[in-house]
Each structure stands twice: as structure tokens, then as C-alpha cells.
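Here is the structure we will look at, set down as C-alpha cells.
The values are calculated or read from the model by the stated rules, or taken from the named source; none is laboratory data. Since the structure is predicted, the reported quantities are computational estimates derived from the model, not experimental observations. A quick note on method: Cβ atoms are made from the backbone with ideal geometry, for glycine too, and the neighbour counts reach across all protein chains shown.
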Number of protein chains: 2
Amino acid sequence: MDLETAIGNGCARDWETVDARDVEPVRFAVIGLGWFTKGRALPALESSDRCVPSVLVSGSAEKAQTLADETDGATRGLTYDQFHDGVARDAYDAIYVVTPNALHLEYVETAAEYGKHVLCEKPMERSSDRARELEAVAADAGIELMIAYRMHTEPAVRRARELIEEGYVGTPMAVDGQMSQRLLDRINPDPEQWRLDENLAGGGALFDIGIYPLNTARFLLDSDPITVTGTTSSTHDAFADVDETVSFALRFPDDVTGRCYASHNARQASSITVTGTEGQIRVEPAFFQEQRRTLHVSRGDGRASIELEPVDQMLEEFDYFADRVRGDAALYPDGEHGIADMEIMEAIYEGAEEDRWVSLE
Amino acid sequence: MDLETAIGNGCARDWETVDARDVEPVRFAVIGLGWFTKGRALPALESSDRCVPSVLVSGSAEKAQTLADETDGATRGLTYDQFHDGVARDAYDAIYVVTPNALHLEYVETAAEYGKHVLCEKPMERSSDRARELEAVAADAGIELMIAYRMHTEPAVRRARELIEEGYVGTPMAVDGQMSQRLLDRINPDPEQWRLDENLAGGGALFDIGIYPLNTARFLLDSDPITVTGTTSSTHDAFADVDETVSFALRFPDDVTGRCYASHNARQASSITVTGTEGQIRVEPAFFQEQRRTLHVSRGDGRASIELEPVDQMLEEFDYFADRVRGDAALYPDGEHGIADMEIMEAIYEGAEEDRWVSLE
């Protein structure tokens with residue numbers, strides 16, 4: 001089998017452990033009904049044969065119920081207060097938390113109280129302290145907790161990881177990643193959006209999109225940085241409290257180094273590259289959902305760029321979570337995995353603030 | 001004219017100011033006859049209609065004369081001592097210094113004494129102190145001094161620079177560069193080579209190849225970093241005294257950031273990417289001479305990868321120098337330009353050693 005064929009197969013759903021026909025689907029209470037939920041999450045849940053979006057939770061009872069009426073599988077719309085009060089708690093098995101970062105903890109506390117599993121968006125919370133509290137709450141209640149890193153179930157990224165593990169690049173030496181877009185000018189001009197509010201978000205470009213190259217680097221190398229530094233900046237007034245742009249540098253064990261860039265004010269671009277002693281693997285485009293993924297590989301005189309069959313990344317992520325909830329296999333991106341990103345990102349901010357490298361050990 | 005056509009034209013020889021037919025060729029004394037001189041420099045000089053390799057200088061009289069006998073346009077082979085003594089000094093107008101870094105100064109001193117112009121390989125010397133001394137010697141003698149940055153006359157890089165200047169990427173935000181190869185395992189296994197000797201080289205991967213992404217970043221942005229940091233490491237015993245691998249981060253004015261990687265122990269790879277608010281330009285492969293250069297550009301929905309007609313980079317560089325020696329236009333990569341790289345690289349080492357960002361202001 002040549003390389004192109006081998007890569008073309010990808011690693012789609014190589015994580016499945018449970019046959020969907022043998023188990024009940026996981027019924028979700030979806031917490032937070034913004035554009036991402038409506039545009040990405042609910043369509044994926046509706047199309048899944050492992051998941052059902054049975055309960056929708058929002059600040060507005062009317063908004064929640066209207067959306068529930070339009071959503072396949074949804075039986076109830078609830079307000080946040082009703083959710084906390086346990087209304088309709090027999091109608092869901094798990095919650096999907098897609099609120100502003102600083103509100104994640106309170107919904108996980110309620111889920112823990114009622115014994116519901118949790119799929120929580122990244123970054124895990126607004127600070128590592130709150131992330132640790134969140135993890136402890138889930139652990140004490142014995143519920144499953146997964147942080148929603150959709151790159152972990154993206155076939156192109158999984159194939160890259162497998163190739164690296166198999167030694168395709170030789171000994172990994174370096175990782176380079178980028179994620180950038182024009183948030184205010186192209187995507188959402190609202191200066192009141194929660195991403196710009198430090199109290200709700202905890203951080204700016206680093207927390208929102210820098211976490212993609214950071215976490216994917218950790219995932220591809222199966223290794224965590226031990227020393228980091230960075231640089232932050234902002235141009236728009238709306239980014240007065242959080243970083244609009246971040247550049248960061250990472251030192252991993254065994255002299256592996258990383259360099260990443262994320263900006264809410266640069267041309268849309270996304271890539272991640274691992275260079276080793278023998279070869280190089282790049283996924284580009286890498287992180288935006290609407291784009292097909294291409295795996296660029298080279299080793300010796302060989303070189304190939306293979307466009308993979310696109311998948312619905314949210315569907316893959318939800319189904320992976322459901323597989324782990326219904327089966328016995330362990331979740332990879334658990335609470336400890338999410339806490340590590342929070343600690344690394346806080347250390348990057350500290351390094352940027354103090355013009356030095358910060359140790360995580 | 002579409003973008004592909006516009007780029008396809010490149011910027012080949014847009015720097016020419018003097019018609020070669022109107023002036024005498026510049027006769028060079030070539031100092032240092034290693035594999036690079038024999039394989040790259042002399043063939044370029046032989047094929048030039050602006051330059052002649054009239055005198056060849058080496059440690060061995062026999063080696064110098066044998067090579068002179070085989071080289072078109074060469075009339076004399078000299079020892080280093082004979083060169084310093086002024087033997088055959090009427091037979092050359094300029095010197096090309098391609099010795100170990102720490103010996104550059106002494107040959108420039110002699111050239112200055114005899115009023116000969118200087119094309120000096122990069123890095124300029126083994127330290128910024130000696131580079132400043134070299135620059136002062138040349139300035140006092142009123143001779144031309146150019147540092148041999150062949151990317152400055154590479155048409156793909158010049159076209160990238162022109163596109164950036166014209167606003168193709170919008171406001172430049174970020175630059176990312178890499179140059180890596182397997183020096184000991186693939187190119188030259190000799191543990192006694194001068195590149196590994198700190199006294200002769202002054203630095204390792206950073207001085208030898210990291211200078212490519214560093215200097216090309218400066219050239220593309222027409223801007224110099226103001227704060228830097230880095231990380232160095234070595235695996236082979238032969239790299240006990242100098243860095244085998246370097247990762248560095250740069251802060252330029254106006255919140256532009258840079259990230260670069262260079263290694264003598266990683267797969268051969270070379271690229272440089274500039275991301276702006278509106279677009280992105282990448283040259284890849286970028287720095288190795290034997291490869292065709294491709295310019296990858298994207299802006300809005302437009303995206304193109306254009307392979308440019310290859311040039312002999314050494315010929316372009318020599319002819320540019322000859323054009324400036326015979327004409328009135330100023331050299332771009334002059335002594336001050338070379339000193340800046342030396343200062344930046346020393347600051348990167350300082351930052352790596354002390355785990356902090358180092359200011360160059």
C-alpha cells in the first residue's frame with residue numbers, strides 16, 4: 001500500500017468501541033444556544049445515531065422552547081434557572097456546556113448534583129483554579145467529564161498522530177502551529193460579545209483560538225510543554241481587556257520546541273506542522289470547520305499532499321463522547337488534560353507580562 | 001494581468017543599474033577554497049559577465065595554483081600569507097571572503113590596506129564586536145562592503161518583498177521561518193569541520209542557518225526585531241560547543257512577531273511565511289540552493305502556488321555586488337545590516353541562556 005492510499009484511509013472512527021445499535025443513545029441537555037450551538041452543534045446531534053439533543057437550555061424560556069420545537073429529538077426547552085432546579089432531569093443523560101467560559105463551572109456543579117455526564121467546551125473555564133474545581137466536582141460525583149477538543153477526533157489529525165507514533169518523521173524535533181481570523185471585521189463585529197470580556201472569557205485570542213495549535217501540538221506529540229513564553233497585543237479598542245493576538249514559544253521534554261501564533265486580527269489561516277529527524281507532516285488547513293483538511297507529508301525524496309474526505313467534526317466529537325459514556329474505554333481529553341492547557345496558557349500570559357520563560361514543573 | 005502572471009515575472013535583476021557592457025568586470029580574489037567555493041562560487045563567477053575570479057587564495061600554494069589552472073579567468077593562486085603580503089594585488093579589484101567566520105576580519109583588514117572592495121560571507125564575523133571592527137575598517141578605507149545574503153537577490157524573495165510592500169497581505173502581522181538539514185548524517189560527517197568549533201564559527205545552527213530565516217524576515221518586513229529570546233540544544237557530541245538546534249522568537253515594532261527554527265539535526269526543510277491582516281505569502285522551499293522556489297500566496301478567496309524559474313543564486317549575488325561597485329547605487333546588505341544580525345543572534349543566545357527576553361534597543 002503506498003503512502004497516499006495509507007493516508008487516504010485516514011483514521012476515521014478508529015476510536016469506536018461500542019456498536020451504536022447495542023446501546024441507548026446519550027440524551028443531551030445543551031446549555032447555551034448561541035450561533036455555534038445552532039449552526040454546528042444541534043445539526044450534528046440531530047444527525048447522530050448515538051446522541052439526541054433532548055433538552056435545550058437558554059436564558060430565555062421562549063427562545064429555548066422555540067428552538068426545541070424546531071430540533072429533531074428535543075422534547076423540552078428550559079431556562080438556566082429551571083436547569084439548576086432539576087426540571088426535566090430525567091430527560092437527559094449528559095450535558096453539553098457551550099456557555100461563556102466563566103459559566104462552565106456552575107453548570108457542571110448542577111450536572112454533578114444530578115449525576116449527569118459532561119461534555120464541556122474548551123477552554124475548560126476562565127482560570128486554572130476554576131478548571132481544577134470543575135474537575136474535582138466531576139470526579140467527586142463519579143461522572144464522565146470530557147473537554148471538547150474536536151481535533152482529537154478529526155481523521156486528518158488522528159492520521160498525522162498515528163504516522164508520528166509509527167516513526168514516519170523519525171524523532172520529533174519541532175512543532176509549528178497557527179490559527180488566525182478577522183473576528184471583528186469578518187465574523188462578529190459586536191464589541192459586546194463575551195469573548196472580549198475578560199471576566200467571562202478569562203483570556204483573548206490565546207484562550208479562544210491559540211488553544212487549537214497548543215492542544216493539537218500536545219495531542220500530536222503526546223507530550224506537554226515544560227517551559228513557555230509569549231507575546232500579546234491588541235489593536236482594536238474592543239480588545240482592551242484581552243489579547244487580540246498572541247505569539248508563544250514552547251519547550252517540551254527531549255529538546256522538542258514549539259512555536260505558535262494566533263490572532264483575531266490576521267488573515268484566516270490554520271496549520272500545524274511537526275518536523276522530525278527524518279520527515280515532516282503538516283495539516284493545512286487544520287482548524288476551521290468549514291474547510292477540507294489536507295495532510296502534507298515528506299520524508300526522504302517522498303512528498304505528497306492528500307486531501308481527506310471531510311467529516312462533521314462536531315458529530316465525530318459527540319459520538320466519541322457517547323461511545324465513552326456507553327462503553328468502558330477511557331476518555332482521552334479528560335479534566336486533567338483540560339487543566340494542563342489552562343496552566344500552560346496562564347504561564348504564557350505570565351511570560352508575556354514579565355518578559356521571561358515560565359516553568360510548568 | 002492576473003496574479004500568477006504577475007508573480008511569474010518575478011523580480012529577477014530588477015536591481016540592475018549599470019549595463020555590463022559599459023564597465024570593466026570586477027576581478028575577485030577568492031579567499032578560502034572549500035567545497036562551497038568550488039561547487040557554488042567559482043562556477044557562478046566563471047559564468048558571470050560582470051565578474052572574474054582572477055586570484056584564488058588558500059592555505060596551500062599548490063591547491064590554489066591547481067584550482068587557478070582549472071578556473072576560467074583565474075591567473076594566480078596564492079597562499080594566505082602571500083595575499084596578506086600584497087602579492088598580485090594589481091590582479092584583483094575586490095575580495096570574496098568565504099573562510100571560517102572568525103577569520104573574516106583579517107582578510108578585510110588586508111583588503112582595506114590595499115583599497116579592495118569586499119564581499120563577505122555571512123555571518124559577518126564570530127561576534128558583534130569583531131563585526132563592528134570589520135565594518136569600521138572598511139568604512140575608514142572607503143571601500144565597498146557587502147555581506148553575502150543571497151536571499152536579497154533571489155527573485156522569489158524579492159517578489160514576496162515587493163508584494164508585501166505593495167500591500168498584498170495588508171498590514172504585516174507575523175513572520176514564520178524554518179531552515180533545517182542533517183549536517184553530520186547527510187552532508188558532512190567530519191567532526192573537525194570549523195562550523196563545530198566555537199572559536200572559528202562563533203555560534204552553531206543559529207549562526208550557520210538560523211541566520212537565513214532571521215535575515216530574510218528582516219528583509220521581507222524591512223524591519224528589525226527589538227526584543228528576542230530563544231532555545232538551543234544539541235544531541236551529537238560534535239555539537240558540544242555550539243548549538244545544533246535553535247528556536248527563536250522575535251518582537252518587531254508595531255506588534256509584529258516572528259517565530260523561527262533552525263536545526264542541523266532535522267529533516268531538510270526551508271520556508272518563510274508572512275501573514276498580514278488581508279493575506280499570506282509563503283516562500284517554500286526557500287533557502288537551499290538546489291531547489292526551485294515556489295511562492296504560495298493567498299488573499300480573500302484567491303490562492304495560488306507559483307513555481308519560479310530558478311536562478312543561480314551565487315551569480316545573482318556576485319553580479320549585484322559588481323553592479324554596486326561599478327555604479328553609484330548604494331548596497332542594501334552593508335556592514336551595518338550585517339552587524340544587526342550579529343547583535344540579534346547574540347541576544348537570542350543570551351535569552352536562551354538566561355530564560356528571558358532580551359531587548360536590542
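Numbers at a glance
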{"item": "Meets criteria (modelled with pLDDT of 95 or more, away from every other protein chain (no Cβ under 11 Å) and within 14 Å of A:Ile348 (Cα to Cα)) for A:Gly230", "result": "no"}
{"item": "Residue list for the stretch B:47-81, restricted to those being farther than 20 Å from B:Tyr149 by Cα and in a helix (DSSP H, G or I)", "result": "B:Ala61, B:Glu62, B:Lys63, B:Ala64, B:Gln65, B:Thr66, B:Leu67, B:Ala68, B:Asp69, B:Glu70, B:Tyr80, B:Asp81"}
{"item": "Strands (runs of 3 or more DSSP E) contained in the stretch B:98-199 and holding at least 3 residues surrounded by fewer than 22 Cβ atoms within 10 Å (Cβ to Cβ) and among the aromatic types (Phe, Trp, Tyr)", "result": "none"}
{"item": "A:Glu343 charged (D, E, K, R) and in a loop (DSSP other than H, G, I, E, B)", "result": "no"}
{"item": "Count - residues of the stretch B:200-222 that are in a loop (DSSP other than H, G, I, E, B) and either within 14 Å of chain A (Cβ to nearest Cβ) or among the acidic types (Asp, Glu) (or both)", "result": "2"}
{"item": "Residues of the stretch A:262-282 satisfying the condition of being among the aliphatic types (A, V, I, L, M) and more than 7 Å from chain B (Cβ to nearest Cβ)", "result": "A:Ala262, A:Ile272, A:Val274, A:Ile281"}
{"item": "Listing of strands (runs of 3 or more DSSP E) fully contained in the stretch A:235-325 that carry 2 or more residues being crowded, with 18+ Cβ neighbours inside 10 Å", "result": "A:245-251, A:257-263, A:265-276, A:279-283, A:294-299"}
{"item": "Qualifying positions in the stretch A:82-93 - closer than 10 Å to A:Tyr114 by Cα and either outside the structural domain of A:Lys122 (by TED's automatic domain parsing) or not in a loop (DSSP other than H, G, I, E, B) (or both)", "result": "A:His84, A:Arg89, A:Asp90"}
{"item": "Pick from the stretch A:149-190, criterion of a type in the set (Lys, Arg) and within 14 Å of chain B (Cβ to nearest Cβ), ranking: nearest to the chain's Cα centre (by Cα)", "result": "A:Arg182"}
{"item": "Matching residues, the stretch B:239-261, being more than 10 Å from chain A (Cβ to nearest Cβ) and not charged (D, E, K, R)", "result": "B:Phe239, B:Ala240, B:Val242, B:Phe252, B:Pro253"}
{"item": "So B:Leu33, is it in contact with a Gly (Cβ under 9 Å, 6 or more places away or on another chain), surrounded by 13 or more Cβ atoms within 10 Å (Cβ to Cβ), modelled with pLDDT of 95 or more and assigned to a helix (DSSP H, G or I)", "result": "no"}
{"item": "Qualifying residue in the stretch B:122-135 (condition: among the aliphatic types (A, V, I, L, M) and more than 16 Å from the chain's Cα centre (by Cα))", "result": "yes"}
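For every residue, the table says whether it meets (1) assigned by TED's automatic domain parsing to the domain that holds A:Lys38; (2) in contact with a His (Cβ under 9 Å, 6 or more places away or on another chain); (3) more than 15 Å from A:Asp334 (Cβ to Cβ).
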| position | (1), (2), (3) |
| --- | --- |
| A:Ile95 | yes, yes, yes |
| A:Ala102 | yes, no, yes |
| A:Leu105 | yes, no, yes |
| A:Cys120 | yes, yes, no |
| A:Arg126 | yes, yes, yes |
| A:Val137 | yes, no, no |
| A:Gly142 | yes, no, no |
| A:Leu145 | yes, yes, no |
